[in-house]
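The values are calculated or read from the model by the stated rules, or taken from the named source; none is laboratory data. Bear in mind the structure is a predicted one, so any value in this text is a computation, not a measurement. Cβ placement follows ideal geometry from the backbone for every residue including glycine, while neighbour counts extend to all protein chains displayed.
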Amino acid sequence: MSPEPRRLHAAGAVLETLKAMREALLPIIVLIVVGGGRSSTALLAVGGLLVAAVAGYLRWRSTTYRVREDDTLILRRGVFSPSETTVPVSRVSSVDTEQGPIQRLFGVQELLVQTAGGGAEPEIVLGAVAGPEVAHLREALRHPERSADRDEPAARVRLSAGALIAAAVTGPQLGVLLPLVAGLGAVADDLFEESFDSGLVDRLPDTPAAIALVAAGLIAALLVISILGAILAFRGFTVERDEERLRIRRGLLQRRAASLPLHRVHAVRVVEGLLRRPFGLAALRVETVGYRSEPVSTRTLFPLVRTADAPALIARLVPALASDLQPLEPPPRRALRRYLSPPLVVAAGAGVALGLATGAWWALLPLLVIAALEGLGRFRAAGWRLADGRVVVRERKLARHTIVARA
C-alpha cells in the first residue's frame, strides 16, 4: 500500500462525533438537573453538544496512518498536541477487526493492532476502515485474510446454538458487571441526592427478609444480563486453522474477527468452571503473545467443550500442543502444607474476626474444617507431566485449570 499518510473513512468523522457527544452527555445531564428548565440551561446544553460534535470532527480530521517502506506502521493523531505511535511490523502479534451496528451501517470496520508484550489495550486502533483497505492493511502487516480461492481450512469448528446457551448459563462473568452497577449507583447518588434526603431512604427495605429478597433480585438480574452478554459475545463463534494461523470469528452485535499466528500460541488453558465441572464441561483459552492482558472473551479458543474431548479439539486447532490431559504426576506429600496453609490462615482470621465482632466463636471450628477440605482438594487436583516437548500443569482454586504449554 502507499506509504503516504491516509485518513480514516469519512464514517470515522461520524463515529468520532458520536464518541465525543457520548463523553459530554453526563456533564450535560448534570447541568440540566442542576439548572432546571431555564432557557439558558438549554442553550448551554445545545452549545455543549455542538462543541463535542466539532471536537469529534477535528479528531477525525487530524488522524492519519501509513505503513512506511521500512515496514513500520505509524498512527498520528491530535489537533493541538499531535502524538505519533510507531509499531514495527515484525512486532505485530495479531490484527483483529470489530464491526458494531454503526460501522455496519457505513460498511466499515475497526482495525485493532496488538503487539508482542503489549498491554490490555491494542497499540493502534483505526476506528473506520473500508473493507478493501482492511485487506490491504492486513497484507502490509503480514496478517492476511483467508481468500475465498484458497483450499478449505485444515480444521473448522463452530459453536452450536445449544452449546452457546449452555456456555452462557454455566459461565456467567459477573466481574464485568459489578463495576458497572457500582458506577451507576454512584451516578444515581450524585444526581438524586435530594430525593434520597426527602424520604426515599425511609422506603428502603429494613427487614432481613426484605433485604434478602432485594439482594436475590439484584443477583438474578445480574445473572440474566451476564447470560445475555455471553450470548451476544459468542454468537456465531467459529474457529478455523490453516497452515500458519488461527482465525476466530464471533459476536452478534459487535462482530469480531481475530487472526493469530500459530507460532505465537505458547499454551492452551482448559478451564473447568465451578458450574461446569460437575457436568464434565470446560472452556479453552489461548495464551499467546499480545493477548495475555485481554478480556476472557478475547482469549477464548472455544467457549464450551466436553472435558473428555478437549485433547482432541486442541490437537485439531493447535497441533503443536497436542497432548493427553491424563495421567499426571501428583505433587509430593511434603507439598501438602503449602496447599493447606493459605485457606487455613484465611479461615482462622475470619473466625477470630467473627468471634470478636459477634461472639460466635463456635463458627471457628467449622471454618477451619472447610478450609482444610478446600486445601486438601486443591492438593489432590494438582499435577504435572513433561513429555514430548510439552508440559501439562493442573491447579484448582474455584475453577480447575489445566495448562498445556511448550516445554
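Mind listing whichever residues of the stretch 377-405 are within 16 Å of residue 337 (Cα to Cα) and either touching a His at 6+ places or on another chain (Cβ under 8 Å) or touching a residue at least 40 places away in the same chain (Cβ under 8 Å) (or both)?
Once the filter is applied, which keeps residues that are within 16 Å of residue 337 (Cα to Cα) and either touching a His at 6+ places or on another chain (Cβ under 8 Å) or touching a residue at least 40 places away in the same chain (Cβ under 8 Å) (or both), the stretch 377-405 yields 379, 380, 382, 383, 395.
Can you list the strands (runs of 3 or more DSSP E) found entirely within the stretch 208-280 that contain at least 3 residues being over 29 Å from residue 100 (Cβ atoms)?
265-272
Looking at (1) surrounded by 16 or more Cβ atoms within 10 Å (Cβ to Cβ); (2) at pLDDT below 90; (3) hydrophobic (A, V, I, L, M, F, W, C), can you tell me which one residue 116 breaks?
The failed condition is (1).
Between 158, 142, 150, 146, which is on the phi > 0 side of the Ramachandran plot and either at pLDDT below 85 or surrounded by fewer than 16 Cβ atoms within 10 Å (Cβ to Cβ) (or both)?
Only one candidate passes the filter, namely 142.
Among the residues of the stretch 53-98, count how many are of a type outside the set (Ser, Thr, Tyr) and either crowded, with 20+ Cβ neighbours inside 10 Å or in a strand (DSSP E or B) (or both).
Result for the stretch 53-98: 17.
Residues in the stretch 388-395: is at least one part of a strand (DSSP E or B), within 26 Å of the chain's Cα centre (by Cα) and within 27 Å of residue 233 (Cα to Cα)?
no
Under 7 Å between Cβ atoms, at least 6 apart or on separate chains: pull out the pairs that start in the stretch 205-224 with a residue that is in contact (Cβ under 8 Å) with a residue 12 or more places away in the chain and end on any residue that is surrounded by 11 or more Cβ atoms within 10 Å (Cβ to Cβ).
222/174; 222/177; 223/172
Search the stretch 104-115 for residues that are more than 12 Å from residue 127 (Cα to Cα) and assigned by TED's automatic domain parsing to the domain that holds residue 60 and pair each with any residue that is of a type in the set (Phe, Trp, Tyr) and outside any strand (DSSP E or B) when their beta-carbon atoms are under 8 Å apart and the residues are at least 6 apart or on different chains.
Within 8 Å, the pairs are 114/291.
Limited to the stretch 57-72, what total is found for residues that are in contact with a Leu (Cβ under 7 Å, 6 or more places away or on another chain) and under 15 Å from residue 83 (Cβ atoms)?
Matching residues across the stretch 57-72 total 2.
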